[in-house]
Each structure stands twice: as structure tokens, then as C-alpha cells.
1. Which one is farthest from Glu144 (Cα to Cα), of the residues in segment 38-51 that are modelled with pLDDT under 95 and open to solvent by less than 40 Å² (accessible area, probe 1.4 Å)?
2. Kindly indicate the residue of segment 57-68 that is open to solvent by 30 Å² or more (accessible area, probe 1.4 Å) and assigned to a helix (DSSP H, G or I) and also nearest to Gln13 (Cα to Cα) among those meeting that condition.
3. With the requirement that a residue be free of Cβ contacts under 8 Å to residues at least 12 places away in the same chain and in a helix (DSSP H, G or I), what does segment 39-51 give you?
4. Exactly one condition in (1) open to solvent by 60 Å² or more (accessible area, probe 1.4 Å); (2) modelled with pLDDT of 95 or more is not met by Ile164; state its number.
5. Before we move on, is Asp32 touching a helix residue (DSSP H, G or I) at 6+ places or on another chain (Cβ under 6 Å), of a type in the set (Asp, Glu) and closer than 26 Å to Gly150 by Cα?
6. For residues that are open to solvent by 100 Å² or more (accessible area, probe 1.4 Å) and either part of a loop (DSSP other than H, G, I, E, B) or modelled with pLDDT under 90 (or both), scanning just segment 214-224, find the one that is nearest to Phe245 (Cα to Cα).
7. Only one of (1) under 14 Å from the mean Cα position of the chain (by Cα); (2) under 20 Å from Val153 (Cα atoms); (3) at pLDDT 95 or above is not met by Ala67, so which one is it?
8. May I ask you to list the residues in segment 154-197 that are assigned to a loop (DSSP other than H, G, I, E, B) and of a type in the set (S, T, N, Q)?
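The values are calculated or read from the model by the stated rules, or taken from the named source; none is laboratory data. Just so you know, these numbers come straight off a predicted model, no measurement behind them. Every residue, glycine as well, gets a Cβ built from its backbone with ideal geometry; the counts of neighbours run over all protein chains shown. With ligands, DNA and RNA removed, areas are computed over all heavy atoms of the protein, side chains included. Shrake-Rupley method; radii C 1.70, N 1.55, O 1.52, S 1.80 Å.
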Amino acid sequence: GLSREDLNDGDQQISLNAAATVLDYASNKSGDGCLGLHWAEAFPPGATGVLGYLMLNAKSARAAIKALARYVSLHIEPIEITFEERDGVGDLVWRYPATLTAPRTQYISFSMAVTIIRLRKYAGASWMPMGVELEHRELPDRDEWVRVFGPNVKFDCPGNALHIRESVLNRSSGDVDLKLFGLIRELGDRMLAERKATTDIVQVTRKTIVDLFECGEATLEDAAAAMKMAPRTLQGQLGNAGTNFEAVLHET
């Protein structure tokens, strides 16, 4: 269901459902039930832009994980990743939205595997997590799962989580550029602020449309007047957020 324009534009974002569908389709066509794992191993370092380069240049495994949790929305949305530490263990948890309805076994295994592979820069090439939880069922080729995730992997779990010992979180790498990390983090913060601003304009427009519905019809001109801006300005700001007034009106 991807357009030719989506494929030709390397910076074009596609929906989470489309990304999961592509991986599932490719797994079925290739006959590779572990395609997510194998893609993670072939995935180029830094391919996720700001997020990727932050994880490659953090001062420790802990800092890399915190960068992942904070900036993941620049690469994948909607998704929530949280990181908490207690009793000498760090818990990294993925929460996928209810709107992700596509088969996601390959996507989940890819996301978990590429995270573990990136963390080995700090933890060591032979490091295995103290625990991995995956929401999907166990697939064939268990040796492949153990090779990437280690022996402490569990399937059919309520969610997706990675458990890491505190001693591993403290490990660092001599092959990082902390100055570059600081510069990219500043860029990431600006991008997060811009994303919040574009999200805010869509939310405010939706609320305005709902308010207008209470009195009758909702038009671009009426919504713009209520928001104290010109119709052209409102349409332009919605365009920067990747939508337009007609689409927001229809969704609302």
C-alpha cells in the first residue's frame, strides 16, 4: 500500500502499520521466520538519524538507553518506551498503541534485537541481557533467538521488555564522541519541540471544530476566525504538521 513517492523519499515517514506489514510480508515471501532478527543484524549504525547517532555516542549504556526512551518519537510514532531502575536492574519497556493492528512479530523482534546489538558497543560484544520479554509466540529456529537475545528470552508475555543489570548500565565505550552527542541532543530537543508544536496545532484545530459543531457547521474560515488567524495561515500550519483542515475535519 506504499506509494512510489513514499519509496523514493528516504525521509518520508510511513505509518507503523505499514512498517510492520512490510516486515511480515517479507518474512512470508522469503520463508525466513527470523527476518526481524536478521534485519537487525544488517541494519546500518546511525540509520535512524538523530536517535541512532545519540545511541552510538553516549557516555554509557545507561545514557544510550535514556536517549532511546526520550527521542524514539523522532523515528517511530506513536510508541512509548520507558526506562526505570530499581533494585540494581534497569527495565526498558516498549508499549505499542492499540492502533497497531498489523502482524507485528517481525517488527517487535527487530526493534528488540537492534537495541541489544547497539548496546553491545558498551556492554561488550558477547553480552546477553539478564532478561528479554516478547509479547508474541515462540517461532521456529530457537537457536537463532538464543544467539541474538541470549538464553533468558520469554515469549507470550504481557508486553515487551529488556532487563539489564546496573553493572552493565555503567559500562562505557572508548569509541564515542561526547561533543557530537551534546550537539545532536540539542538538535533532538529542537525537533521534539517542533513536533510538539505541530501536534498542538492539530489538537487545537480539533477542539475548535468540536466547539463549532455545537453551534452548527465547521468551516475553515470559522475555525481560523475562532483561532484568531487567517484561513491561509491555519491551512499552512496544518500543512507543516502533515495534514490539512479538510482531513482534520473528517477525522473529528
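1. The extreme case among them is Val50.
2. Restricting to residues being open to solvent by 30 Å² or more (accessible area, probe 1.4 Å) and assigned to a helix (DSSP H, G or I), the top hit is Lys66.
3. Ala42
4. (1)
5. No: the conditions fail for Asp32.
6. Filtering first and then ranking leaves Glu217.
7. Among (1) under 14 Å from the mean Cα position of the chain (by Cα); (2) under 20 Å from Val153 (Cα atoms); (3) at pLDDT 95 or above, the lone unmet condition for Ala67 is (2).
8. Asn170, Ser172, Ser173
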